[in-house]
Amino acid sequence: MLTLAPQTAMAGSTQTKSVSCTFESLSIEDREIAMVLMFVRYSDRGEDRISWRRGLDVAGRMLDAANTRCKIAHHWSRGQATHARDYAFNSLLVEAMRQMLESEGTRSAEPIDRYFALHGSELLPRQDTASRQGTEFTTYLIKHGWDADGEDDLRQARNYLEALIGRQGSVRGFQASVRVKAG
């Protein structure tokens, strides 16, 4: 079962901190429930897929309710609220991907976190594995002990990096919408 590790506080401006309002206004229990509902594995069978979709809808309503509370409290624009909700979703995704990556006890997300800390500002979302960005990341992982032939592990690492990039994009979008609203 997915469990939520303590979330570290985001460093930076008040704008960056406020983008996390939606995520932070969910209790630890609600975060865990949302992760289970959003990321439970399902098969291709129609009945399982319908159950997963229902879970995703319930988790979405939980995020929407938290987001509405923050939007009202902070007088956010529609754009700010959208980016804050995306940030909350991506934060849950980051945690779920981290847990899946580390679930067998043979891998750590720490090298990926270091890579993101070094290169995050230049990384683009949804890059093909054959792109320069994709090959550099794979090379980095291999240099840090990952198996070049372990495609499942490498895919999980890419998914985790993608979730980090998505969350960062939400922060940037929120910050840009704050500047537009102030301007």
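Where a number appears in this text, it was derived from the coordinates with a stated rule and is not lab data. Given the structure is predicted, the values throughout are model-derived calculations rather than measurements.
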Hey, what's the per residue convex hull volume over the C-alpha atoms of the range 62-128, in cubic angstrom? 134
Once every Cα of the chain carries one equal point scatterer and solvent is ignored, give the base-10 log of I(q)/I(0) from the Debye formula at q = 0.10, 0.13 Å⁻¹, two decimals. -0.44, -0.73
Potential lengthening between D48 and A148 on full extension [0.36 nm per residue; Cα-Cα distance subtracted]: 32.7 nm
